[in-house]
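The values are calculated or read from the model by the stated rules, or taken from the named source; none is laboratory data. The structure presented is a predicted model; accordingly, all values stated were derived computationally and were not measured. In this analysis, Cβ positions are derived from the backbone assuming ideal geometry, glycine residues included, and neighbour counts consider all displayed protein chains. In case anyone asks, the SASA skips ligands and DNA or RNA and just uses the protein heavy atoms, side chains included. Shrake-Rupley method; radii C 1.70, N 1.55, O 1.52, S 1.80 Å.
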Amino acid sequence: LIGSILGAALGAAIQYILPELFRDFLLVDVPVGLSPEAISEGVLTGVIAAVLFALLSLLRLRKISPLKAIRTSVETMGKDRAPWLVAAGILVFILLFSRVQLEAWDSAIYFSVGILFSFALLTGLARLAIWAVRRFFPTGSPFVLRQGLANLYRPNNQTPMLIVTIGLGTALIATLFISQELLVDKVRLTSAAESRPNM
């Protein structure tokens, strides 16, 4: 909740700063105002997303006794349907959030399927990387390299989660760069024509 409120405040502050930064490039006055609906939607979305994704890890702890908590061995907790319900809730949340943003069910479904495909692809690549490291482990390599590679497949490691996170972050950054190049090319095309206004 605190993170969502701080994010909303930062977003509101930035929209007052950007017109001042781009004053030399803008030929018209840009009206700036706060939207309580957008701020509430952003805070609510952040809280729901944080709770849903945190539940996946927290649900595994609710049945652990103090005796099991201090043991070093990893013990299975048996079958539990709650994480599957949370995962279904996450999928529904992604679909509904996409529907609100895209205002079309078909686009929301395509986006949600694309997100699931990206998660599955990156998770598969992570599993493949772990398997390849274990299968072709360089036994004669230096100690630091052996320790680093061994950490990729040790119990309770976060290799799949890290690869998925880094992969999606890289995809987001690449999308921003592609969008930037497309917009800059459009501006160059418009300004290159002598019969068109430079704006």
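For the chain, the longest principal axis of the alpha carbon atoms and the long axis of helix 2-21 meet at an angle near 30°.
Using Cα pairs closer than 8 Å and at least 6 residues apart in sequence, work out the relative contact order for the chain, in percent.
Numbers: 86 pairs, mean separation 24.4, N = 199.
Reported relative contact order: 12 percent.
Using per-residue counts of other Cβ atoms within 10 Å, averaged over each peptide, order 1-14, 44-57 from highest down. Don't skip to the answer; put the middle values down first.
Details: 1-14: 12.6, 44-57: 14.4.
Answer by packing, highest mean first, reads 44-57, 1-14.
In debye, nearest 20: dipole of the range 79-156 around its Cα centre with unit charges on the Cβ of K, R (+) and D, E (-)?
Details: 8 positive and 3 negative charges, 114 e Å.
Here the size comes out at about 540 debye.
With each run of n ≥ 4 DSSP H residues scored as -39500 (n - 2.57), what mean residue ellipticity at 222 nm is computed for the chain after dividing by its residue count and rounding to the nearest 500 deg cm²/dmol? Before the final figure, lay out the partial values.
On the way: 7 runs with 141 residues, N = 199.
Mean residue ellipticity at 222 nm (helix-derived): -24500 deg cm²/dmol.
Rounded to the nearest Hz, the phi-derived 3J(HN,Hα) couplings of the range 119-129 under the Karplus curve 6.51 cos²θ - 1.76 cosθ + 1.60 (θ = phi - 60°) are 4, 5, 5, 5, 5, x, 5, 5, 4, 5, 5, where x marks glycine and proline. The phi torsions of the range 162-169, fed into the Karplus equation with coefficients 6.51, -1.76 and 1.60 and a -60° offset, translate into couplings of 5, 5, 4, 5, 5, x, 5, x Hz, rounded to whole numbers, with Gly and Pro shown as x. With θ taken as phi - 60° and the Karplus curve 6.51 cos²θ - 1.76 cosθ + 1.60 applied, the whole-hertz 3J(HN,Hα) list for the range 174-184 is 4, 5, 5, 5, 5, 4, 4, 5, 4, 5, 5 Hz, x standing for glycine and proline. Dipole magnitude for the range 20-152: computed about the Cα centre from +1 point charges on Lys and Arg Cβ and -1 point charges on Asp and Glu Cβ, it is near 1380 debye.
Build a GNM of the chain with springs between Cα atoms under 10 Å apart, and of PRO19, PRO142, PRO160 the one that fluctuates most is PRO142.
Is the shape of the range 48-180 best called rounded, prolate or oblate, per the rule: a/c under 1.5 gives rounded, else a/b larger than b/c gives prolate, else oblate, with a ≥ b ≥ c the square roots of the Cα gyration tensor eigenvalues?
oblate
In the chain, the longest principal axis of the Cα atoms and the axis of helix 82-102 are about 10 degrees apart.
Let me check against my output: what whole-number percent is the relative contact order of the range 107-183, with C-alpha pairs under 8 Å and at least 6 apart? The partial results should precede the final answer.
Working: 30 pairs, mean separation 26.8, N = 77.
Averaging sequence separation for qualifying contacts and normalising by length gives 35 percent for the range 107-183.
Entry comment: accessible area of the chain is 79 Å² per residue, from protein heavy atoms only and a probe of 1.4 Å. Axis angle, to the nearest 10 degrees, between helix 36-58 and the longest C-alpha principal axis of the chain: 10 degrees.
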